[in-house]
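Undergrad: So that we are looking at the same thing, I have put the structure below in structure tokens.
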Amino acid sequence: MTRNFRRGDAGQAFPIYITVVAGLLFLALAYLAVGQAATNRNGAQTAADAAALAAAQEVRDQLAGEWEDNILDPASWERIFDGLGAGLNDACWRAAQLASQNDAHVDDCGPDGVLAYRVEVTTDDPVGESLVPGTENKHARASAVAVIEPNCEPRLPGEHGKDDVPPKLACEGQEWDLDPEDLSDLPEPQDLFDVHLADG
């Protein structure tokens, strides 16, 4: 009698065991699906961040180039450091390059105010098959804004009653003496402008 009782217990426990294992397997697959989606979203955000930074850096380089072209015209410096460059070219081609390098493509790109660029991207690869129906054709999307921040404060001749003093540029604690007779030592674009992702 005892043996039959134990065999009956084992028979009753087996379906419970199968149910528990199936449940655990389902949870594991669900976590895998969530992980796939999270990885895809992270990839999209990485691509958006890189694309926005690339576009902003391209604008920074154009502003720095315009400043160099107008270095003997200090009256134009303030306009340039305010981001009001004359004839700045579209920088979205750089955003497209960086998005492509991160397996994504640009959906929308453009200035976000005067000294910022916004980029929206979609991943090239879908999330893939998972327990969630329809994910095989779903693509992750993300957006980012990069800000161009002037590092320098022009100190122009005549501001302090000294018309004969050549213009100077104070950039993050470093002061550049700009001698019109010797312009071999000029700040780099990254000295003139900082580029970073917008907070939030």
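The values are calculated or read from the model by the stated rules, or taken from the named source; none is laboratory data. Computed from a predicted structure; not experimentally measured. So basically every Cβ, Gly included, is an ideal-geometry build from the backbone, and we count neighbours across all protein chains shown.
Undergrad: All but one of (1) over 27 Å from N151 (Cα atoms); (2) assigned to a strand (DSSP E or B) hold for C109; state the number of the condition that does not hold.
TA: (1)
Matching residues to (1) touching a Cys at 6+ places or on another chain (Cβ under 7 Å); (2) over 30 Å from D191 (Cα atoms); (3) at pLDDT 90 or above; (4) surrounded by 10 or more Cβ atoms within 10 Å (Cβ to Cβ):
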site	(1), (2), (3), (4)
A13	no, yes, no, yes
I18	no, yes, no, yes
L32	no, yes, no, yes
R41	no, yes, no, yes
A48	no, no, yes, yes
A55	yes, no, yes, yes
R60	no, no, yes, yes
L84	no, no, no, yes
A91	no, no, yes, yes
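Undergrad: If you scan region 93-110, which residues turn out to be within 14 Å of the chain's Cα centre (by Cα) and farther than 17 Å from A44 by Cα?
TA: The answer is G110, and nothing else.
Undergrad: Right, something else. Kindly check whether there is at least one residue in region 127-138 that is part of a strand (DSSP E or B) and either modelled with pLDDT under 80 or surrounded by 15 or more Cβ atoms within 10 Å (Cβ to Cβ) (or both).
TA: No, every residue in region 127-138 fails to be part of a strand (DSSP E or B) and either modelled with pLDDT under 80 or surrounded by 15 or more Cβ atoms within 10 Å (Cβ to Cβ) (or both).
Undergrad: Are any residues in region 144-192 at pLDDT 90 or above, acidic (D, E) and assigned to a strand (DSSP E or B), and if so, which ones?
TA: E149
To keep it simple, each residue is scored yes or no on (1) more than 21 Å from F193 (Cα to Cα); (2) out of contact with any helix residue (DSSP H, G or I) (no Cβ under 7 Å at 6 or more places or on another chain).
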| position | (1), (2) |
| --- | --- |
| I71 | no, yes |
| A75 | no, yes |
| A91 | no, no |
| R94 | no, no |
| D103 | yes, no |
| G113 | no, yes |
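Undergrad: Here's a follow-up. Within the group I80, I71, which residue is farther than 22 Å from A144 by Cβ, assigned to a loop (DSSP other than H, G, I, E, B) and either modelled with pLDDT under 90 or more than 14 Å from the chain's Cα centre (by Cα) (or both)?
TA: I71
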